[in-house]
Ligand SMILES: NC(=O)c1ccc[n+]([C@@H]2O[C@H](COP(=O)([O-])OP(=O)(O)OC[C@H]3O[C@@H](n4cnc5c(N)ncnc54)[C@H](O)[C@@H]3O)[C@@H](O)[C@H]2O)c1
């Protein structure tokens, strides 16, 4: 078990801001990248938090991730948008795309937005949160273009990425529903987190390089690679397939049937549907029925070992409250990888450490 630091969120922000300056990013990019990564840690998704920076640094140094890039519009018919992310930081590209999509959904009642060629869009729930904050519903189908790491149901090797899916629904008088998950049984970054912590994975998540079940996260981290399984067998595979076809072929124009070049960049394609519920429904009826249903499912007697039923978005809020109070856990291996990345980017690693208070 690797040593674990608990870093105050503001100190972590300060350290990450300084590290991200090594990409040559402008102030707004530094802020968007930092906040997005720290929020991923705060919401409990360490696989998509500050530990992504070493991978981003490698992608940047190889030329696969571009600093200070912005969205470019390819097609625009008002409520339908096709955008290119120009391999820019997903934290900036996703933010700009959602700002535009949200403004169009407010104008037209809905917006269908295809975004291709963005570098890693990270925690997809962050984009649903932007829509929900404006009382809009948003649905996201995403493909991940990099080295294939997930096996199809019934298959014995990796053929596609962890293809996340997310839905955000604002709920009057309650916290929003925020469904956000990888279609692999776990996000790929969780194999890195487990490997860095020197932990085994539960059975049923991974196959080795021969296609046999394994619990050793190394098969997700270093060659010879195995593959992650999809969640829920053929059902997760079906959703992953749809994410690849809509997020990849339709929005991104790129699926993993074209082999990745072995480089470190992660490109995401995302098909987003943003809906203004006020244009579809009587909002008091909609709100009342949602509240009634959420109360109804949450009143189910808890299963053994569970304190209460949670709905999507609730665990992330619980994590955020706990981590804001007690600090963000960062394991020693991840932290060392971040310091190495800082050095590669020409940033003073000792200053990163000092800012984090470690
Ligand atoms: N950009 C990319 O290419 C990419 C790829 C894969 C995953 N991701 C991101 O990785 C993150 C982690 O994905 P994951 O699959 O590990 O998430 P996960 O398995 O932790 O599932 C998260 C979802 O399940 C809900 N949930 C969790 N515990 C629950 C409980 N006890 N009861 C009810 N609901 C519960 C959460 O609220 C959330 O909606 C996501 O933010 C995802 O967008 C990104």
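The values are calculated or read from the model by the stated rules, or taken from the named source; none is laboratory data. Everything numeric here is computed off the predicted structure, so don't read it as measured data. Ideal geometry is used to build each Cβ from the backbone, glycine not excepted, and the neighbour counts take in all protein chains shown.
If you go through segment 210-227 one residue at a time, how many are surrounded by 15 or more Cβ atoms within 10 Å (Cβ to Cβ) and farther than 17 Å from residue 184 by Cβ?
So the answer is 0.
Out of segment 123-137, which residues are crowded, with 22+ Cβ neighbours inside 10 Å and within 17 Å of residue 271 (Cβ to Cβ)?
124, 125, 126, 127, 128, 131, 136
Which condition number does residue 289 fail, the rest of (1) free of Cβ contacts under 8 Å to residues at least 24 places away in the same chain; (2) within 16 Å of the ligand (Cβ to nearest atom) being met?
Failing condition for residue 289: (2).
Does segment 236-273 hold any residues that are more than 12 Å from the ligand (Cβ to nearest atom) and in a strand (DSSP E or B), and which are they?
Passing the criteria: 271, 272, 273.
Quick one: is residue 325 in contact with a strand residue (DSSP E or B) (Cβ under 7 Å, 6 or more places away or on another chain) and either modelled with pLDDT of 95 or more or within 15 Å of the ligand (Cβ to nearest atom) (or both)?
In short, no.
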